[in-house]
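The structure under discussion appears below in the form of structure tokens.
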Amino acid sequence: MKNILIRAGMSPLDIFDASYILNNNSIGGNVGNLIYQYSVFRTLMTEDTIITPDYYDYDPSRADEINEKYDCYVIPLADAFRKEFVPTLRKYTQLIKKLKIPVYVIGVGLRAPFEPKLNESFPFDEDVKEFIKAVLEKSNIVGLRGEITSKYLTGLGFKEGVDHTVIGCPSMYTFGRDLNIRETTITKDSMVCVNSSRLSPKNVLDFITRGMEEYPNHYFIPQWLKELRLVHLGAPAIANDSNNYPVKISDSAYANNRVRYPLNAPTWFDFIGQADLSFGARLHGNITATISGTPSIIIPKDARMRELAEYHQLTHVMANEIDEKTRLSDLIEKVDFQQPTKRQAENFDHYIDFLNKNKINHIYKETNHPARIPLEERLAEVNLLPVEVPISACSIEETVARWENFYSGESPQITALKKKVKEKDNKIKKLEGQLNRKSVKLVLKAANVFS
């Protein structure tokens, strides 16, 4: 039996409710992380393999434990080459250097503006170099999300095709080599799934809002952790009032019960698979639709989304192509929803070649259509929680239950902090006791002297 440790906040087999996810940040800040992690689980979980999440515990002090318990460490990443991620990247580098087992990075990308200036340096260049060097000491080649990241690493001195190769996002290979995007007739009554990002330019946010008005049978699928808090508890608002993004529980999308938040990948696939269309500015919001067979349109807002949209040929429209007159119905008539299927087989084969170069076992060793999928067999025995509805659509009993359940749970960080405080309180009480005893002795001694 082979034991794999994987970077993930939860396993597809974990039944974590919204309160637990909120208290432990099991989605790494964004529920989209569950999709590419699910794909890696499904691909690498063979009949003789156990895959265990690290639950985002990557402290370098765990090195000895990891070396003893696991055969390899799999690290799927998103746009990890960014300023905010540097502290985490450094800790991973320290940990990897201490490990004696193979370490595989399956998908990592650069966060940069839509038109990145790769001829200029980034403040995290040296940290990226150290991380990649550490990984290459434990594996043969690193998998990247797109050509922009590839050019960036090449500029840092790493060789394309030798040290790194573009594999795209593993989420696109969740169900294998074939993509089956449905041919649907989209009408004003069609069910439409919507995703958005407050980081998108105003013209894109306005367009997404118009699209929601044009297709009233829509469901908004937020992805941030703080949006799960809003869905689950009703507060606080995620930002100041906005006319082009749902930010508070009284906004129409929430008030009209038109928001759904997935708590796991399979029920997200099921829900979005019922829609006739998905559109918006979220990468995994639309990739989830694509691999579930639902036509989708993505609007890339930065380099990480752009390189993936280009590599996978995701059906997309660039922000500069949208103005105040652009309507969603017009785009539906123009775009090619089958575009992603044209690159899928070639990209999948390259992905499998990447896994084979690193000598990673997977379910596609013998055939592209394995008869058994161990993860799905195990999931058949699990009762996963459905997508979350807004608290404003719940009964008073459910509302009370949500609040009680949330506030009865605590994150590991809070528990550890309370433990430290208690330990300090005990030490203080002990010292006070010692001081009091010494004070009594001094008083008695003084009394004897003057008696």
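Table for the structure above
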quantity	calculated
Long-range neighbours under 8 Å by Cβ, at least six apart or interchain, first residue of a type in the set (Asp, Glu) within the range 75-90, second in a helix (DSSP H, G or I)	Asp79/Phe85; Asp79/Arg304
Qualifying residue in the range 48-57 (condition: assigned to a loop (DSSP other than H, G, I, E, B), open to solvent by 20 Å² or more (accessible area, probe 1.4 Å) and under 22 Å from Tyr364 (Cβ atoms))	yes
Every residue from the range 337-365 that is open to solvent by 10 Å² or more (accessible area, probe 1.4 Å), within 15 Å of Ala289 (Cβ to Cβ) and not hydrophobic (A, V, I, L, M, F, W, C)	Gln338, Gln339, Thr341
Helices (runs of 4 or more DSSP H) contained in the range 324-390 and holding at least 2 residues under 24 Å from the mean Cα position of the chain (by Cα)	341-357, 374-379
Residue tally, condition in contact (Cβ under 8 Å) with a residue 60 or more places away in the chain and surrounded by fewer than 16 Cβ atoms within 10 Å (Cβ to Cβ), over the range 116-137	0
Exclusive hit being open to solvent by 10 Å² or more (accessible area, probe 1.4 Å) and closer than 30 Å to Tyr245 by Cα, set Asn140, Asn203, Asn195	Asn203
Answer from Tyr92, Tyr36 - the residue that is closer than 19 Å to Ser171 by Cβ, modelled with pLDDT of 95 or more, open to solvent by less than 10 Å² (accessible area, probe 1.4 Å) and of a type in the set (Phe, Trp, Tyr)	Tyr36
From Arg258, Arg210, residue being in contact with a strand residue (DSSP E or B) (Cβ under 9 Å, 6 or more places away or on another chain), of a type in the set (Lys, Arg) and surrounded by fewer than 22 Cβ atoms within 10 Å (Cβ to Cβ)	Arg258
Given (1) within 20 Å of Leu153 (Cα to Cα); (2) in contact with a helix residue (DSSP H, G or I) (Cβ under 7 Å, 6 or more places away or on another chain); (3) open to solvent by less than 60 Å² (accessible area, probe 1.4 Å), number of the condition Ala63 does not satisfy	(1)
Filtered residues of the range 220-230 (kept if surrounded by 21 or more Cβ atoms within 10 Å (Cβ to Cβ) and farther than 15 Å from Gly32 by Cβ)	Leu230
Matching residues in the range 289-306 - criterion: being more than 23 Å from Lys202 (Cβ to Cβ) and in contact with a strand residue (DSSP E or B) (Cβ under 8 Å, 6 or more places away or on another chain)	Ala289, Thr290, Thr294, Pro295
Hey, Tyr58 touching a helix residue (DSSP H, G or I) at 6+ places or on another chain (Cβ under 6 Å) and either free of Cβ contacts under 8 Å to residues at least 60 places away in the same chain or under 20 Å from Pro386 (Cβ atoms) (or both) or not	yes
The lone exception for Asp163 - which of (1) acidic (Asp, Glu); (2) surrounded by fewer than 17 Cβ atoms within 10 Å (Cβ to Cβ); (3) touching a residue at least 12 places away in the same chain (Cβ under 8 Å) it fails	(2)
Selection within the range 303-319 - more than 17 Å from the chain's Cα centre (by Cα) and either closer than 16 Å to Lys151 by Cβ or not hydrophobic (A, V, I, L, M, F, W, C) (or both)	Ala303, Arg306, Glu307, Glu310, Tyr311, His312, Gln313, Thr315, His316
Residue count, the range 287-301 (criterion: in contact with a Phe, Trp or Tyr (Cβ under 6 Å, 6 or more places away or on another chain), surrounded by 24 or more Cβ atoms within 10 Å (Cβ to Cβ) and more than 20 Å from Tyr173 (Cβ to Cβ))	0
Of all residues in the range 1-24 being in contact with a strand residue (DSSP E or B) (Cβ under 7 Å, 6 or more places away or on another chain) and of a type in the set (S, T, N, Q), the one that is most open to solvent (accessible area, probe 1.4 Å)	Asn3
Subset of the range 267-286 [touching a residue at least 40 places away in the same chain (Cβ under 8 Å) and open to solvent by 20 Å² or more (accessible area, probe 1.4 Å)]	Thr267, Phe271, Gln274, Asp276
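The values are calculated or read from the model by the stated rules, or taken from the named source; none is laboratory data. Quick caveat, the model's predicted, so the values are computed rather than measured. Neighbour counts run over all protein chains shown; Cβ positions are idealised from the backbone, glycine included. All accessible areas refer to the heavy atoms of the entire protein, side chains included, with ligands and DNA or RNA removed. Shrake-Rupley method; radii C 1.70, N 1.55, O 1.52, S 1.80 Å.
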